[in-house]
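Let me begin by presenting the structure, written as structure tokens, before commenting on it.
Values quoted throughout were computed directly from the atomic coordinates according to the rules given, and no laboratory measurement underlies them. Note that this is a predicted model, so its numbers are computed, not measured. Cβ coordinates were reconstructed from backbone atoms using ideal geometry, including for glycine residues, and neighbour counts include every protein chain displayed.
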Amino acid sequence: MLVRYYDELLGFFMREVKDPHEAQDLVQQTFERMLARMRSREPIENARALLFEIARNLLIDRHRHLKVRQHDSDDLLQEMAGPSAHEPEAIYAGMQRARTLVATIERLPPRCRMAFVLHKIEGQSHAEVAATMGVSVNAVERHIMLAVAACRQALGEAVRAKRTPALDD
């Protein structure tokens, strides 16, 4: 029964996400949720309508998830920008922060670094990065999430290291 709706669902998701790999993932998730519903033995009056309701809900979940990730990334960009003050200490701290971030980005795995640079530095969308790299949007999101986490960790460690007194003091 579900097989007859595969192409229709795939087309629906392709129009929405513009990424064939992600569209296929979303079709699979839709079928998984539908099968779970069928196993619950609840009566299903219109299978097609239920499939597309599940599909729309998956898109809503995806959109919310992307907004949260974008917000986290925006916070990191503000941290990367550093202080706006023109005081020497603030300028030096900003330079140190920039050095820490550059070193962290250079240590990232190549695919992770590429996704991060294309998205955060060159301003490409997740879909554009996915097309450039030949991977799914989900893979791009994971790479960017890992890169952001590595940058946050490096900045946190740098702050903690400044607060820790030197052993030879």
Of the conditions (1) exposed (fewer than 13 other Cβ atoms within 10 Å of the Cβ); (2) in contact with a Gly (Cβ under 9 Å, 6 or more places away or on another chain), residue 23 clears all except one; give me its number.
(1)
Being among the polar types (S, T, N, Q) and buried (at least 19 other Cβ atoms within 10 Å of the Cβ) is the filter here, so list the residues in the range 125-159 that pass it.
136
